[in-house]
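The values are calculated or read from the model by the stated rules, or taken from the named source; none is laboratory data. Because the structure is a prediction, the values reported are computed rather than measured. Here the Cβ is made from the backbone with ideal geometry for all residues, glycine too, and neighbour counts use every protein chain on show. Quick note on the areas: whole protein, heavy atoms, side chains included, nothing else; ligands and nucleic acids left out. Shrake-Rupley method; radii C 1.70, N 1.55, O 1.52, S 1.80 Å.
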Protein chains: 4
Amino acid sequence: MSKSIFSKIANLSLIINCFNKLIAVVLMLFMVSITDAQNFNRKIWNIPNIPGFITLKADLHMHTVFSDGTVWPSFRVEEAWSEGFDVIAITDHLGHHYKNNVDDDNFNRNYEIAKPIADKLGLILIKGTEITKRMPYGHFNALFLTDLHKVDKEDYFDALKAAAEQDAFITWNHPGWKQENDIPIWDSIHENIYKSGLMNGIEIVNKNYYYPLAFSWANAKNITLMSGSDIHDPATAEFDYLSGEHRPMTLIFSKDTSLVEIKNALLQKRTILYYNDILFGNNELLTSLFNASINIQNAEFTIDADSKDNYYNYIRIENKSCFDFDLELAEKDNILIVTDKILLKANTISIINLKPAPRDIKGEKEYVLKYKVKNLLKAPDDNIIVDFPIKITFI
Amino acid sequence: MSKSIFSKIANLSLIINCFNKLIAVVLMLFMVSITDAQNFNRKIWNIPNIPGFITLKADLHMHTVFSDGTVWPSFRVEEAWSEGFDVIAITDHLGHHYKNNVDDDNFNRNYEIAKPIADKLGLILIKGTEITKRMPYGHFNALFLTDLHKVDKEDYFDALKAAAEQDAFITWNHPGWKQENDIPIWDSIHENIYKSGLMNGIEIVNKNYYYPLAFSWANAKNITLMSGSDIHDPATAEFDYLSGEHRPMTLIFSKDTSLVEIKNALLQKRTILYYNDILFGNNELLTSLFNASINIQNAEFTIDADSKDNYYNYIRIENKSCFDFDLELAEKDNILIVTDKILLKANTISIINLKPAPRDIKGEKEYVLKYKVKNLLKAPDDNIIVDFPIKITFI
Amino acid sequence: MSKSIFSKIANLSLIINCFNKLIAVVLMLFMVSITDAQNFNRKIWNIPNIPGFITLKADLHMHTVFSDGTVWPSFRVEEAWSEGFDVIAITDHLGHHYKNNVDDDNFNRNYEIAKPIADKLGLILIKGTEITKRMPYGHFNALFLTDLHKVDKEDYFDALKAAAEQDAFITWNHPGWKQENDIPIWDSIHENIYKSGLMNGIEIVNKNYYYPLAFSWANAKNITLMSGSDIHDPATAEFDYLSGEHRPMTLIFSKDTSLVEIKNALLQKRTILYYNDILFGNNELLTSLFNASINIQNAEFTIDADSKDNYYNYIRIENKSCFDFDLELAEKDNILIVTDKILLKANTISIINLKPAPRDIKGEKEYVLKYKVKNLLKAPDDNIIVDFPIKITFI
Amino acid sequence: MSKSIFSKIANLSLIINCFNKLIAVVLMLFMVSITDAQNFNRKIWNIPNIPGFITLKADLHMHTVFSDGTVWPSFRVEEAWSEGFDVIAITDHLGHHYKNNVDDDNFNRNYEIAKPIADKLGLILIKGTEITKRMPYGHFNALFLTDLHKVDKEDYFDALKAAAEQDAFITWNHPGWKQENDIPIWDSIHENIYKSGLMNGIEIVNKNYYYPLAFSWANAKNITLMSGSDIHDPATAEFDYLSGEHRPMTLIFSKDTSLVEIKNALLQKRTILYYNDILFGNNELLTSLFNASINIQNAEFTIDADSKDNYYNYIRIENKSCFDFDLELAEKDNILIVTDKILLKANTISIINLKPAPRDIKGEKEYVLKYKVKNLLKAPDDNIIVDFPIKITFI
């Protein structure tokens, strides 16, 4: 990204060099302005849609000065739009705006400030809150609410039920928080919440924490996989953007951009979590996303066993997405020797080198190379496997 | 680009943190390997095709140890493929392999070494040479040759004619070289070459030099605009890739990838030169390339003059190409106040802010915003103008 | 900077590769944590002290939610510390906390929130405010105040006098604001303020605006050169840090880190402004800073006119500072031919190539190469000149 | 690094904006030049000297077209100087210049081409070669040679002895090469070489390979730790510099820059290997290098157990080196709770947060915080431990 910006400015310097050299510089005592919109633009993530669904980039967990955050709600909208998100929810802790004591009487004010700006920018804003109770209950996000005041109940179960009455989508947040070694505990309280249909989703990634145990629970109990940045400061202060880090992103595969369909997508567990190039999801969605990202440029080869030139045969694989895919050969073949580890970098064409073992094979053969994608997790200890079909004519 | 790589590796560190914490690390005294193909991959430039033509990325001027360069020909191929080029020519100085005294008897050997590797990688290799004579003749590239030995003539005009006999495309290189202040001089010699049909193209960008005067000549005399890196060292040693600089790229708009059509494209002047985000070309090609790069996301607005909310109305412009476009309003409007300077960064959505001046206008109106693209040059002192049509309903 | 981070993490990936290869991966269902302090660290700017003074990095103009900003005061402190600043002032608009309506009764609360955190981090916090009046009066920062409430006067002149009674250092901010073409106008009002000793400094850089005319006034009228970021959002949202941009920095050359000496330094005009590698200051301070940044590694040469090897003679110049210095030869010499343009990049050793013209000179000679530093401005149209003394023995 | 370059150029764009706005642009049809020295400069690595020794940055294993490499020897010198190395050896495979068949009669020619350029740049060039024999003998570098022809013996042992007769420093290269799973085997041949005093060093890092088993051998048998890039292509093509990777660097701790003392340093095992921020060495050298890199800015604290403010107490640790240090608490303390994981990033001040556990302690106490440095390896499975002494007054 920095390339093109840089190049552009270099042009200008090139042109002014010319001035410096060949014409007298006119004395300038005037004001120099740069438009105030200069830095206000939106990053494009090269994340493809998948068959049947559009891919929405969401962060549904964040705070403002209306609880214990350090930024104004309008900034959350501009920040998310600028970072390329499509959908956000501001989820300030429910109750008095405790830590900062700002405008304690109106629990909906953060949403009211944020909504008009979101509309101007085309960002989808979901009204929500974080129901914040002492352990072992923990914290739950309630999304798609209409009125936060009605959810402000002393008892955690009353609060969750009140949220459910507004048809909220409810998520158990950072499930290992305040537990020993941060390992989540599925208490009878959580069993009760789950059984009562009040736990639709569970965060397996919160901030820069990952909860493998919660991932297993979600798979076993059929709960939607969720992630959340849980940012309190500006995102750039909590994640190291200068080094390429980004806050967790929940990819939602939705029929359209309506709130109704977004909620449907969440209820039907159509999410993939994306954090620092690990993607967490189910086998079907991960495979669809991989296949929509990748393109094999040449899959047919003619190899002459007698030629000294047959050592290098390059399968070229194009990855136009923003994801790196870290592949490792899943099954060795007796005949074909292929690159066993390959990183399909974002926006790059990578190579699988195909070296036929010396054999007396002639004619046209078909193979399917099978690679494990190490950073596409369908369970804490399991990866998806992807196929590259190729055809070789041995002469 | 660095983002995703980084993220990917961060994953791994995250996983190993887990190991460090919770399991005993098994003593390892074994070899650790990283696949040797790791860094050998190809950058994708997001440069669109234009209606009727595919866009080929070319560098048709470079050297190897077979003249006064410092690299082996095979490296030129791998380097260019890796940098995302589609077409190259190795143009070692014709004659004995002078400076390095390597293999002086075979002028075609650089091509012979490079060709098999180019074929494996799918890179198009054009056979060429740089006919190198003392000033004021200067240097000329002859491309699409079959045999270099036949072109090796003492007299510059004999050499050019011998190249023409092989149907070469001939370019005058770095026309200001060795002239005072590097300003090119159109000598009677060049007039003669031009009149004899032996000057098909002219470099207006060579290395990091730009020759505005040659640009004017090319426009006036109907000569193809050419650029060349003229690299002698590895490209990374001559351009500051770490800062985002890249070597000049000649975009060739061709019907297909055949040598015949590439030569046709050059003869028909279908080139744009791309260096440090200045694009040099004719109005038609530049406009096509801009339009293929840009997408206006929302062009219809309803504005309520009485609302205090009418101050911000954002036209969102998507730029999925790798080019930055540096726009400046070409014509101010009496009614609409719009952002007057805007940088449409590569892979970014940018905003034109539309502030209606307070007026008694009602109903549906259509406007065409006209912007000058400062870094798309159709002549040394002239830019293309682009249009953004919008529709406003004033209520 | 990104290099070493990256490398570090690469190590870990290297080690885990080993695991993947040679041991069975133990099933892990446990929580993975990364310390919460991970991203909270402080950039080191390689800016040298100069003889007699320490160099303090200051931003004395910024806003919070306690006027029309979007961040909490504690964040301003952490942000500035993290970006490597030594001294800041929060200068919310004086009066009711207008736009955001937060805590309107206590004008000092922003300071009270920020101070304890500043102390923990060792950041120097100056109490201040922006006295905000309609044009043509404009905005003035009053720094080193003790009580903001006493300065809250209707009349601009009363407010400035009340600030002066607290021994404030007073700066005219963004002097071209709301003027036609942003060109500042020195009104009789400003003449009166200046004559009354109520204008100690003037911003010649505000945000990404530069006011050359104000620079001239400051030089002519002996007013301290000031810059200010005037940030309302997080700094990362107003400046393009991903591309290497940073907010303006006022370098203060002080005897020590006490508020007394910092105010003295400001009153005695010991400032240099640093924005996007232009440095604005007086000749003496700029020259001191340049000389403290640069080290000539080899200044003595023996040149044999008869040797073909005498073409390249490299003067190596070390620049350990974070500044790039953009040099252009100020005086051509008849005997020595030296590189006429050179960019002394930050943290880099650059080369001046010395090619003796063919002459009949023998023996030891001394020269002083004089270069103009194009990005070190002592006036809008004037640069400092620096010297490189060298000695050559011609044999 | 990119920051300041960028900023610098932005200035120029800022100035030309002014032109665009306020003066008519003069038609320019002249040549624009950028000095050819522009990109030829040298990176500064912030690597400190240690008490008694200067730290030299070396790569003593690389190839050119004079064996099977792809670059000319002069380029190796310029490349290494530019990347900030102090010492290199070109170690082309001994024998005919096999693969490329260039200039087969003079085995010393690569050195003869490289030496004058090295001298101009102040780079130390060691004459050497790689004695290349079939497995199981393998490859050995012989450094500090005077005449390569005398070492060109058929038998590997004769060749090593001939090198020893020229007082060469001899290194066993990439010891796992061509072995199963790349795990090195200490054959009787190697035992014999070692016993005969013909194995002074051993590569434990070659290219991007690390041989933990060889590291153990080196420690057990008292052999010098060595690394080598073994580059055949330009370094930028073999390592991913755009992502911050660099080729392995052997740090040599020498009394001065003479060849005699450099050889002494190697013979006395004063090396640390630096690759992707892992440092491999002995405990003493690693600890010296760490201590020379780090500075604790504040080590004395007063903590009031009754204050709610006592939660955050920041120990600020300055790291002015180019190394990241990845620390993990080695011993937990019952009284002090401190950050247990901390990355001391290069050119950054990092924080250890000190939270006193609630206890009835009063008065002045001294503690030594002990951290393991995870990326400073003194053995394949062992790290150095570093100390941070602090003093706390509990009130």
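Only a single item in (1) closer than 30 Å to B:Trp72 by Cα; (2) touching a helix residue (DSSP H, G or I) at 6+ places or on another chain (Cβ under 9 Å); (3) at pLDDT 95 or above; (4) open to solvent by less than 10 Å² (accessible area, probe 1.4 Å) is not met by B:Asn200, and it is number (4).
So which residues in segment C:58-74 are open to solvent by 10 Å² or more (accessible area, probe 1.4 Å) and assigned to a helix (DSSP H, G or I)? Steps first, please.
In the first step, residues of segment C:58-74 are kept if they are open to solvent by 10 Å² or more (accessible area, probe 1.4 Å); the result is C:68, C:70, C:72, C:74.
Listed by number, the list holds a single entry, C:Ser74.
Annotation: of all residues in segment D:281-321 being within 11 Å of chain C (Cβ to nearest Cβ) and of a type in the set (Phe, Trp, Tyr), the one that is farthest from D:Gly228 (Cα to Cα) is D:Tyr311.
Going residue by residue through segment C:297-307, is there one that turns out to be more than 30 Å from C:Ala164 (Cα to Cα), within 29 Å of the chain's Cα centre (by Cα) and crowded, with 21+ Cβ neighbours inside 10 Å?
If we filter segment C:297-307 for residues that are more than 30 Å from C:Ala164 (Cα to Cα), which is where we start, we get C:297-307.
Within this subset, residues satisfying the condition of being within 29 Å of the chain's Cα centre (by Cα) are C:297.
Those still in the list that are crowded, with 21+ Cβ neighbours inside 10 Å too: none.
No, every residue in segment C:297-307 fails to be more than 30 Å from C:Ala164 (Cα to Cα), within 29 Å of the chain's Cα centre (by Cα) and crowded, with 21+ Cβ neighbours inside 10 Å.
Screening the candidates D:Tyr111, D:Tyr137 for the property of being touching a helix residue (DSSP H, G or I) at 6+ places or on another chain (Cβ under 9 Å), assigned to a helix (DSSP H, G or I), more than 14 Å from every other protein chain (Cβ to nearest Cβ) and surrounded by 16 or more Cβ atoms within 10 Å (Cβ to Cβ) yields one hit, D:Tyr111. Summed over segment C:185-209, the residues that are farther than 22 Å from C:Thr129 by Cα and outside any helix (DSSP H, G or I) give a count of 3. D:Gly128 meets each of the listed conditions (1) open to solvent by 40 Å² or more (accessible area, probe 1.4 Å); (2) outside any loop (DSSP other than H, G, I, E, B); (3) under 19 Å from D:Asn206 (Cα atoms) apart from (1).
Under the condition of being of a type outside the set (D, E, K, R) and more than 19 Å from the chain's Cα centre (by Cα), the residues counted in segment B:170-218 number 24. I'd like to verify a number: residues in segment A:237-261 that are within 14 Å of chain B (Cβ to nearest Cβ), in contact (Cβ under 8 Å) with a residue 40 or more places away in the chain and either in a helix (DSSP H, G or I) or buried (at least 21 other Cβ atoms within 10 Å of the Cβ) (or both), how many? So the answer is 4. Within segment B:244-259, restricting attention to residues that are under 17 Å from the mean Cα position of the chain (by Cα) and of a type in the set (Gly, Ala, Ser), the residue that is nearest to B:His61 (Cα to Cα) is B:Ser254. Against the list (1) in contact with a Ser or Thr (Cβ under 6 Å, 6 or more places away or on another chain); (2) assigned by TED's automatic domain parsing to the domain that holds D:Tyr241; (3) modelled with pLDDT under 95, the condition D:Phe75 fails is (3).
Counting only residues that are buried (at least 16 other Cβ atoms within 10 Å of the Cβ) and assigned to a helix (DSSP H, G or I), segment A:213-228 holds 7 of them.
A count restricted to segment B:129-144 and to residues that are more than 20 Å from the chain's Cα centre (by Cα) and under 30 Å from A:Ile351 (Cβ atoms) stands at 1.
Being within 14 Å of chain A (Cβ to nearest Cβ), open to solvent by 30 Å² or more (accessible area, probe 1.4 Å) and farther than 22 Å from B:Ala163 by Cα is a description that does not apply to B:Tyr210. Taken over segment D:47-66, the criterion of being more than 27 Å from C:Tyr312 (Cβ to Cβ) and among the hydroxyl-bearing types (Ser, Thr, Tyr) is satisfied by D:Thr55 alone. For segment C:212-228, the set of residues classified as touching a strand residue (DSSP E or B) at 6+ places or on another chain (Cβ under 8 Å) and at pLDDT 95 or above consists of C:Ala214, C:Phe215, C:Ser216, C:Trp217, C:Ala218, C:Asn219, C:Ile223, C:Thr224, C:Leu225, C:Met226, C:Ser227, C:Gly228, listed by residue number. Looking across segment B:201-211, the residues that are touching a residue at least 40 places away in the same chain (Cβ under 8 Å) and farther than 15 Å from B:Ile272 by Cα come down to B:Lys207, B:Asn208.
Taking the condition of being of a type outside the set (Ser, Thr, Tyr) and closer than 26 Å to B:Glu83 by Cα, how many residues in segment A:348-372 meet it? Working first, answer last.
To start, the set of residues in segment A:348-372 that are of a type outside the set (Ser, Thr, Tyr) comprises A:349, A:351-366, A:368-370, A:372.
Still in the list and also closer than 26 Å to B:Glu83 by Cα: A:349, A:351-355.
So the count comes out to 6.
Would segment A:169-189 turn up any residue that is open to solvent by 10 Å² or more (accessible area, probe 1.4 Å) and in contact with a Leu (Cβ under 6 Å, 6 or more places away or on another chain)?
No; the residues of segment A:169-189 include none that is open to solvent by 10 Å² or more (accessible area, probe 1.4 Å) and in contact with a Leu (Cβ under 6 Å, 6 or more places away or on another chain).
Might you let me know whether segment D:263-273 holds any residue that is part of a helix (DSSP H, G or I), of a type in the set (D, E, K, R), open to solvent by 20 Å² or more (accessible area, probe 1.4 Å) and assigned by TED's automatic domain parsing to the domain that holds D:Ile88? Let's see the steps before the verdict.
Step one: list which residues in segment D:263-273 are part of a helix (DSSP H, G or I), which gives D:263-267.
Narrowing further to those that are of a type in the set (D, E, K, R): D:263.
Those still in the list that are open to solvent by 20 Å² or more (accessible area, probe 1.4 Å) too: D:263.
Imposing the further condition that a residue be assigned by TED's automatic domain parsing to the domain that holds D:Ile88 reduces the set to D:263.
Yes: one or more hits.
Among the residues of segment B:262-280, which ones are among the hydroxyl-bearing types (Ser, Thr, Tyr) and away from chain A (no Cβ under 13 Å)?
Just the residues of segment B:262-280 that are among the hydroxyl-bearing types (Ser, Thr, Tyr), to begin with: B:271, B:274-275.
Within segment B:262-280, B:Thr271 is the sole residue that qualifies.
Considered as a group, the residues in segment C:340-359 that are more than 9 Å from chain D (Cβ to nearest Cβ) and touching a strand residue (DSSP E or B) at 6+ places or on another chain (Cβ under 9 Å) include one that is most open to solvent (accessible area, probe 1.4 Å), and that residue is C:Arg359.
Restricting attention to segment B:212-267, the residues being over 22 Å from B:Leu198 (Cα atoms) and among the β-branched types (Val, Ile, Thr) number 3. Inclusion of C:Ile337 among residues that are part of a strand (DSSP E or B) and within 11 Å of chain D (Cβ to nearest Cβ) is not warranted.
When only residues in segment B:360-378 that are under 32 Å from the mean Cα position of the chain (by Cα) and open to solvent by 20 Å² or more (accessible area, probe 1.4 Å) count, which is farthest from the other protein chains (Cβ to nearest Cβ)?
Here is the first cut: in segment B:360-378, the residues under 32 Å from the mean Cα position of the chain (by Cα) are B:368-378.
When the remaining residues are screened for being open to solvent by 20 Å² or more (accessible area, probe 1.4 Å), the result is B:368, B:370, B:372, B:374, B:378.
Working: B:Val368: 20, B:Lys370: 17, B:Lys372: 10, B:Lys374: 8, B:Lys378: 15 Å.
Checked segment B:360-378; the qualifying residue farthest from the other protein chains (Cβ to nearest Cβ) is B:Val368.
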